[in-house]
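S.K.: I am attaching a structure below and will ask some questions about it afterwards.
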Amino acid sequence: MDYFIGIDTGGTYTDAVLLEQETGKVIRRAKKPTTHHDLSIGVGNALAALFSEEISPEDVVGLAVSTTLATNAIVEKRGARVGLFVFGYVRPFKLPVVANVFLKGSHDIMGEEEQPLDLENLVDTVEGLKNEVDSYAVCGAMSIKNPTHELVAEKAISLIDPKPVFCSHQVSNHPGMRERAATACLHAKLQPLMLDFLSSIQRSMDQVGLHCPVTIICGNGQGVPLEKVADRAAITMASGPAATAGFGATAGEKTALVVDIGGTTTDVCMLKDGQPVINREGCRIDQWQTHVEAIDMYTAAGGGDSHISCTSNGRLQILPTRVQPLATMPGLPDPEKWLGCGRRSSLILPMENDCDAGDPVLACLEKYGPSTFAVLAEQSGLNGMALEKHIERLHFLQKVQISGFTPTDALHVLGRLDIGDVSTAKKGAEVLAAELGLNVEELCRQTLTLTEDVIENIILDYLGRSIWGQHKAAPFLNHRDNELFAVSFRLKVPIIGIGAAARLFLPAVAKRLQTEVVFPEYFETGNAIGAALIGMRSRTAKFPTQDNAQANHT
């Protein structure tokens, strides 16, 4: 018997499934924590759990991988530091990069040079940036007609600084300077993460003796060989949602919303005629509108491991960043000794055996042990935005972990989840409840309500943008509950829930939206199953386009 493996590596868990190649029947499933400091450990643990005396690695004919790591990195504002050069565009725009530099140099719509490239300024700027960035992106006006300026800039940058350079004409042939620039920047920003991820897949396979072709699931629902992904990392944006949609299509619903709730993000996509819808104009993730062809979907921060904090004026809030839940951190210092509001809402911990005395933050952690932002601000010599950026960088380099109170902890305290240390979660809840003048149960219920609010808003955001467009929908959706009126919605289509956290949050959200929620068999590991199904099917499969889906998107 031949078997096929599907893997989904998320921000919190790595799921693996073993399917019969001929029938698609699920034979075995595994869910293991994602190990961010070394992804191969979590992937290897999940793979190893699939095999037995009856089924060995030699019986596996293929492996397909989906991942939300690229999407999560964008939502959490992680990734490589990028320097962006834009030529010949007179209306400046901003992207979340280290430097956004506009220079002279342009072509007309026929591809004829209108203005020479300002090479002198380019060279001077690169000299000043080379110690501040990890990669570069270049985008020239009408480079889709004539890429000469981008190619010259790529060569000039490489002669000064041998870091990766990504040209917009190589990643997009569509008009739209901002979208092409964003697409090139994303490739530059995500490449180090993708190289690390692909290496971890290979190491994990070697550890369990697995030798078979590997397919990486792209955002458009198609698969590409592992070796072709390294330099095109952004095509894996929406990889997880693509696998989600592939699995959601097995639920038997003609038209439905598929909602995947993970630890870091919530992903929403649509089924029409029982199939995922493709947006060929390019997907939007967080504030990035791109030219990356992908499932018509929307992803935003909000999940089981979202950071719950209280502000200095005593208000509970949910932050867009993911932290390690208190309940899942063995040996964590007693929350009574450090947890509080504001800059005491999270604890920074060094990774094992990784204290660099030359780094001010790592040196403080080595001297004082796990510390809050408040302590590090006092002891490291860094403060404010500089400290936040520095810790973000250390987190990206996997030199530190960050832990805090999360919806996962609230679920533990309320007795609705049992995957970690309930006592640590409860101590954290007691501290925050005391700060806010609440009892523990009130705090935890408010935490879950905040999380449900976020998930509901993500769903409505997706639907509103799809029906009315981004600019018309945003003001209305952002103010639908104010001092003068409140608006409620009734969805005319069911919700298909996917992901281990879906059962915990979606029933309440579906009730608010006056619709039903469906949980297919094996919904907890739906992305991994979707990846395997995509890996096994013909790559010529056709999906509906976004234009054809508008009429039924209600």
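The values are calculated or read from the model by the stated rules, or taken from the named source; none is laboratory data. Just so we're clear, the structure is a prediction, and the values are computed from it rather than from any experiment. Cβ placement follows ideal geometry from the backbone for every residue including glycine, while neighbour counts extend to all protein chains displayed.
S.K.: Residues GLY342, GLY384, GLY404: which one is surrounded by 18 or more Cβ atoms within 10 Å (Cβ to Cβ) and either of a type in the set (A, V, I, L, M) or closer than 25 Å to ILE74 by Cα (or both)?
M.R.: Exactly one of GLY342, GLY384, GLY404 is surrounded by 18 or more Cβ atoms within 10 Å (Cβ to Cβ) and either of a type in the set (A, V, I, L, M) or closer than 25 Å to ILE74 by Cα (or both), namely GLY404.
S.K.: Turning to a different aspect of this structure: Tally time: how many residues in segment 32-57 are assigned to a strand (DSSP E or B) and within 22 Å of LYS399 (Cβ to Cβ)?
M.R.: Number satisfying all stated conditions: 1.
S.K.: Would you check if there is a residue in segment 75-90 being among the acidic types (Asp, Glu) and touching a Leu at 6+ places or on another chain (Cβ under 9 Å)?
M.R.: No, segment 75-90 contains no residue that is among the acidic types (Asp, Glu) and touching a Leu at 6+ places or on another chain (Cβ under 9 Å).
S.K.: Within the bounds of segment 248-264, is there any residue that is more than 21 Å from THR525 (Cβ to Cβ) and surrounded by 22 or more Cβ atoms within 10 Å (Cβ to Cβ)?
M.R.: Among the residues of segment 248-264, not one is more than 21 Å from THR525 (Cβ to Cβ) and surrounded by 22 or more Cβ atoms within 10 Å (Cβ to Cβ), which makes the answer no.
Here's the yes/no breakdown for (1) touching a residue at least 60 places away in the same chain (Cβ under 8 Å); (2) touching a helix residue (DSSP H, G or I) at 6+ places or on another chain (Cβ under 9 Å); (3) more than 16 Å from VAL277 (Cα to Cα):
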residue	(1), (2), (3)
LEU186	yes, yes, yes
MET194	yes, yes, yes
VAL208	yes, yes, yes
VAL214	yes, yes, yes
GLY219	yes, yes, no
PRO225	no, no, yes
THR236	yes, yes, yes
THR250	yes, yes, no
GLY263	yes, yes, yes
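S.K.: Among the listed residues SER66, SER143, which satisfies the condition of being over 28 Å from the mean Cα position of the chain (by Cα), under 30 Å from PRO225 (Cα atoms) and among the hydroxyl-bearing types (Ser, Thr, Tyr)?
M.R.: SER143
S.K.: Shifting gears a bit: Do the conditions hold for SER199, that is, is it in contact (Cβ under 8 Å) with a residue 60 or more places away in the chain and surrounded by fewer than 24 Cβ atoms within 10 Å (Cβ to Cβ)?
M.R.: yes
S.K.: Have a look at ALA242, ALA230 and point out the one that is small (Gly, Ala, Ser), buried (at least 22 other Cβ atoms within 10 Å of the Cβ), in the same structural domain as TYR13 (by TED's automatic domain parsing) and more than 19 Å from VAL517 (Cα to Cα).
M.R.: Answer to the selection: ALA242.
S.K.: Could you list all residues from segment 407-420 that are buried (at least 20 other Cβ atoms within 10 Å of the Cβ) and either at pLDDT 95 or above or aromatic (Phe, Trp, Tyr) (or both)?
M.R.: Across segment 407-420, the qualifying residues are PRO407, THR408, ASP409, ALA410, LEU411, HIS412, VAL413.
S.K.: While we're looking at this one, here's another question. Identify, please: which residue in segment 387-397 is in contact with a helix residue (DSSP H, G or I) (Cβ under 9 Å, 6 or more places away or on another chain) and more than 19 Å from ILE308 (Cβ to Cβ) and is, among those, surrounded by the most Cβ atoms within 10 Å (Cβ to Cβ)?
M.R.: LEU394
S.K.: Only one of ASP134, ASP124 is in contact with a helix residue (DSSP H, G or I) (Cβ under 9 Å, 6 or more places away or on another chain), at pLDDT 90 or above and farther than 22 Å from GLU293 by Cα. Can you tell me which?
M.R.: ASP134
S.K.: Continuing with this model, one more query. Could you say which residue among ILE109, ILE55 is closer than 29 Å to GLY221 by Cβ and either modelled with pLDDT of 95 or more or surrounded by fewer than 19 Cβ atoms within 10 Å (Cβ to Cβ) (or both)?
M.R.: From the options ILE109, ILE55, the qualifying one is ILE55.
S.K.: Please specify each residue of segment 58-77 satisfying the condition of being assigned to a loop (DSSP other than H, G, I, E, B) and surrounded by fewer than 18 Cβ atoms within 10 Å (Cβ to Cβ).
M.R.: The answer is LYS77, and nothing else.
Every residue, every condition in (1) in contact with an Asp or Glu (Cβ under 9 Å, 6 or more places away or on another chain); (2) closer than 23 Å to PRO507 by Cβ, yes or no:
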position: ASN383; (1), (2): no, no
position: ARG393; (1), (2): no, no
position: GLY415; (1), (2): no, yes
position: GLY420; (1), (2): yes, yes
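S.K.: Take ALA508 and decide whether it is out of contact with any Pro (no Cβ under 8 Å at 6 or more places or on another chain), modelled with pLDDT of 80 or more, more than 26 Å from CYS283 (Cβ to Cβ) and surrounded by 12 or more Cβ atoms within 10 Å (Cβ to Cβ).
M.R.: So ALA508 fits the description; yes.
S.K.: Now, a different point. Condition check: within 24 Å of ILE235 (Cα to Cα), among the hydrophobic types (A, V, I, L, M, F, W, C), under 27 Å from the mean Cα position of the chain (by Cα) and assigned to a strand (DSSP E or B). Does LEU84 satisfy that?
M.R.: Yes, satisfied.
S.K.: Would you pick out the residues in segment 421-454 that are surrounded by fewer than 19 Cβ atoms within 10 Å (Cβ to Cβ) and among the small types (Gly, Ala, Ser)?
M.R.: SER423, ALA434, GLY437
S.K.: Checking the conditions here, which among GLU150, GLU132 is exposed (fewer than 15 other Cβ atoms within 10 Å of the Cβ), over 22 Å from the mean Cα position of the chain (by Cα) and either not in a helix (DSSP H, G or I) or not aliphatic (A, V, I, L, M) (or both)?
M.R.: GLU132
S.K.: Hey, can you tell me all the residues within segment 431-452 that are part of a helix (DSSP H, G or I) and without any contact (Cβ under 8 Å) to a residue 12 or more places away in the chain?
M.R.: ALA433, ALA434, GLU442, THR449 - these are the residues of segment 431-452 that are part of a helix (DSSP H, G or I) and without any contact (Cβ under 8 Å) to a residue 12 or more places away in the chain.
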